[in-house]
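The values are calculated or read from the model by the stated rules, or taken from the named source; none is laboratory data. Keep in mind it's a predicted model, so treat the numbers as computed, not measured. Every residue, glycine among them, receives a Cβ derived from its backbone with ideal geometry; neighbour counts consider all protein chains shown.
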Amino acid sequence: SLSDKLHDVFRKLRGQSTLTESNIADAMREIRLALLDADVNLNVVAEFIEAVKTECVGQDVVKSVTPGQQVVKIVNDKLVELLGGGVSELNFAHKPTAIMLVGLHGSGKTTTAGKLALKLKRDGKKVLLVAGDVYRPAAIDQLEIIGKEISVPVHAERTSVNVAAIAVNAVEQAGRQGFDVVIIDTAGRLQIDETMVQELVRIRQAVQPDEVLLVADAALGQEAVSVAEHFHRALDLTGFILTKLDGDARGGAALSIRKVTGCPVKFIGLGEKLDSLEVFYPDRMAGRILGMGDVVSLVEKAAAEIDEEEAKKLQEKLRANKFDYDDFLSQLRQITKLGGMESILKFLPGGRQIAGALSGVDPRHFSRMEAVILSMTKAERANPDLMDFSRKKRIAKGSGVPVEMVSNLVKQFESMRKMMKHNGVLGRLMSGAQLPE
Ligand code: GDP
Ligand code: MG
């Protein structure tokens, strides 16, 4: 995986205090592969890497993270920026607002029309769906079934094939009847085809919609760019909806499309069900494309949440070989704050060893472990060597857990203490100076 590969790269960045052109080269190589793997367009990747490199060079390394992790954070921030920065809202300037959905056959237009209708209806809007795929009766049936399911009316004219006229009729009717939004479903072909495009252009000119959204299948991959460019040139799109992100697609198409057209991705489809349309969040998509969301959130959390005072105190104790149950307790609390072992700990400097020492411990048990430690006397916490079976029994009673659990905790504590005697892992963890093994 990318994170494994990056761990190797990070190792090489050990001990560097600023990011330089040479020490980020390897990280960039891996990130380039990750982007291509996520199906981001080749040219887009090349441009992106150049931009990020420029940004990385010369930056100071944040104290509690490693240089490699910081590179990932910079890459992530740049990705978020390129994906639009924030959420792009629909334009509701006119009433009724007309939204036209276009796209290749099978991309998810009809389903998405229903999903969008449901979403807007839940926002309190009165929505009308328009059956603009008139060549196959089954397409009209499909939209009507969807309309019934979500209790949204469908405007269909089964005897006409003049879609522009049908759409204009629908918008006029919607205006008279106080609808807020009209969503126009249209026909698509398997490939871009001039007849199809000309019909869409006619609808666009006749209706003057507020939004013309290209519905694109996330699995389009490298091809997304040419499809998006073509539709954009003909129709002057206002945005995109990326569908089928519930599948394997990593979402690189979002970046490619945004880069070559400048149009925002507004929603994403995450399933066949009609409530599986979500607002597009650039930061979440960046995490998905990089597959490194954990590292990014770690870098953000590390600075904010690791208590530097605690860390310093702990380091002193480790140096003096005086790790006790109070330290263990504050350790558990730090880890809990950082949000769980699996996702976060393995990215912390030295975190893999800690994970090893606490392996098999469900993080949900941390609060019970905490209760056990709190049931120890001050003397027991400060002097672990006092522990014996009668004390364990008393502690178990006091904290309301079986005595086996107290024994386990003592074992875990002792193995951690032994491990720390040898390499001061916790100290390294908290100092943030070292890199993952
Ligand atoms: P259209 O030809 O563009 O109108 O595409 P449809 O709306 O008929 O959808 C084609 C197929 O894709 C249908 O089987 C949909 O259920 C499916 N589909 C649409 N959106 C999504 C999505 O976000 N995720 C998944 N898994 N399937 C989707
Ligand atoms: Mg359809």
(request) Give me the pairs, please: first residue somewhere in segment 186-200 and within 13 Å of Phe231 (Cβ to Cβ) and part of a loop (DSSP other than H, G, I, E, B), second residue anywhere and small (Gly, Ala, Ser) and within 15 Å of ligand 1 (Cβ to nearest atom), beta-carbon distance under 8 Å, and either six or more positions apart or on two chains. (result) Gly188/Gly103; Gly188/Gly106; Gly188/Ser107
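The rows are residues; the columns are (1) touching a Ser or Thr at 6+ places or on another chain (Cβ under 7 Å); (2) under 30 Å from Ala46 (Cα atoms); (3) at pLDDT 90 or above; (4) in a helix (DSSP H, G or I).
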position: Val212; (1), (2), (3), (4): yes, yes, yes, no
position: Ala224; (1), (2), (3), (4): yes, yes, no, yes
position: Leu242; (1), (2), (3), (4): no, yes, yes, no
position: Asp248; (1), (2), (3), (4): no, yes, no, no
(message) Testing Gly175 on (1) over 38 Å from the mean Cα position of the chain (by Cα); (2) within 16 Å of ligand 2 (Cβ to nearest atom), one condition comes back false. Which one is that?
(response) (2)
(request) Could you grab me the full set of residues in segment 145-161 that are modelled with pLDDT of 95 or more and closer than 23 Å to Ala206 by Cβ? (result) Gly147, Val152, Pro153, Val154, His155, Ala156, Glu157
(message) Please pick out the residue among Lys115, Lys119 that is more than 16 Å from ligand 2 (Cβ to nearest atom) and touching a residue at least 40 places away in the same chain (Cβ under 8 Å).
(response) Lys119
(request) Name every residue in segment 238-255 that is among the hydroxyl-bearing types (Ser, Thr, Tyr) and in contact with a helix residue (DSSP H, G or I) (Cβ under 7 Å, 6 or more places away or on another chain), in order of residue number. (result) Thr243
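Quick grid of which residues meet (1) in contact with a helix residue (DSSP H, G or I) (Cβ under 6 Å, 6 or more places away or on another chain); (2) closer than 23 Å to Leu118 by Cα; (3) of a type outside the set (Val, Ile, Thr):
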site: Arg202; (1), (2), (3): yes, no, yes
site: Ala219; (1), (2), (3): no, no, yes
site: Asp236; (1), (2), (3): no, no, yes
site: Ile257; (1), (2), (3): yes, no, no
site: Cys263; (1), (2), (3): no, no, yes
(request) Sort out which residues of segment 157-209 are hydroxyl-bearing (Ser, Thr, Tyr) and either within 16 Å of ligand 1 (Cβ to nearest atom) or closer than 30 Å to Glu223 by Cα (or both), and write them in order of number. (result) Thr186, Thr195
(message) So, in segment 178-194, how many residues would count as being exposed (fewer than 15 other Cβ atoms within 10 Å of the Cβ) and either farther than 15 Å from Leu235 by Cβ or over 38 Å from the mean Cα position of the chain (by Cα) (or both)?
(response) 3
(request) Please tell me if Glu149 is of a type in the set (Asp, Glu) and more than 28 Å from Val279 (Cβ to Cβ). (result) no
(request) Output the residues belonging to segment 178-199 that are within 16 Å of ligand 2 (Cβ to nearest atom) and in contact with a Lys or Arg (Cβ under 7 Å, 6 or more places away or on another chain). (result) Asp185, Thr186, Gly188, Met196
(request) Write out, first by first residue and then by second, each pair whose Cβ atoms fall under 8 Å of each other, whose residues are 6+ apart or on separate chains, and whose first residue, in segment 151-179, is without any contact (Cβ under 8 Å) to a residue 60 or more places away in the chain while the second is loosely packed, with under 13 Cβ neighbours inside 10 Å and assigned to a loop (DSSP other than H, G, I, E, B). (result) Val161/Tyr135; Ile166/Ser160
(request) Under 9 Å between Cβ atoms, at least 6 apart or on separate chains: pull out the pairs that start in segment 376-405 with a residue that is in a helix (DSSP H, G or I) and end on any residue that is exposed (fewer than 12 other Cβ atoms within 10 Å of the Cβ) and not hydrophobic (A, V, I, L, M, F, W, C). (result) Ala396/Pro402; Ala396/Glu404
(message) Being more than 16 Å from ligand 2 (Cβ to nearest atom), under 21 Å from Cys263 (Cα atoms) and of a type in the set (Ser, Thr, Tyr) is true for just one of Ser151, Ser226. Which residue is that?
(response) Ser226
(request) Have a look at Lys121, Lys115, Lys125 and point out the one that is in a helix (DSSP H, G or I), away from ligand 1 (no atom under 13 Å from the Cβ) and in the same structural domain as Ala228 (by TED's automatic domain parsing). (result) Lys121
(message) On the basis of being modelled with pLDDT under 80, assigned to a helix (DSSP H, G or I), in contact with a helix residue (DSSP H, G or I) (Cβ under 7 Å, 6 or more places away or on another chain) and surrounded by fewer than 23 Cβ atoms within 10 Å (Cβ to Cβ), does Lys53 make the cut?
(response) no
(request) Could you please give the count of residues in segment 122-143 that are near ligand 2 (Cβ under 9 Å from one of its atoms), surrounded by fewer than 24 Cβ atoms within 10 Å (Cβ to Cβ) and among the hydrophobic types (A, V, I, L, M, F, W, C)? (result) 1
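For segment 85-108, name all the residues that are of a type outside the set (Gly, Ala, Ser) and either assigned to a strand (DSSP E or B) or within 16 Å of ligand 2 (Cβ to nearest atom) (or both). Steps first, answer last, please.
Step one: filter segment 85-108 for residues of a type outside the set (Gly, Ala, Ser), giving 87, 89-92, 94-97, 99-102, 104-105.
Selection gives Thr97, Ile99, Met100, Leu101, Val102, Leu104, His105.
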(message) Regarding segment 228-236, can at least one residue be identified that is assigned to a strand (DSSP E or B), surrounded by 23 or more Cβ atoms within 10 Å (Cβ to Cβ) and in contact (Cβ under 8 Å) with a residue 24 or more places away in the chain?
(response) no
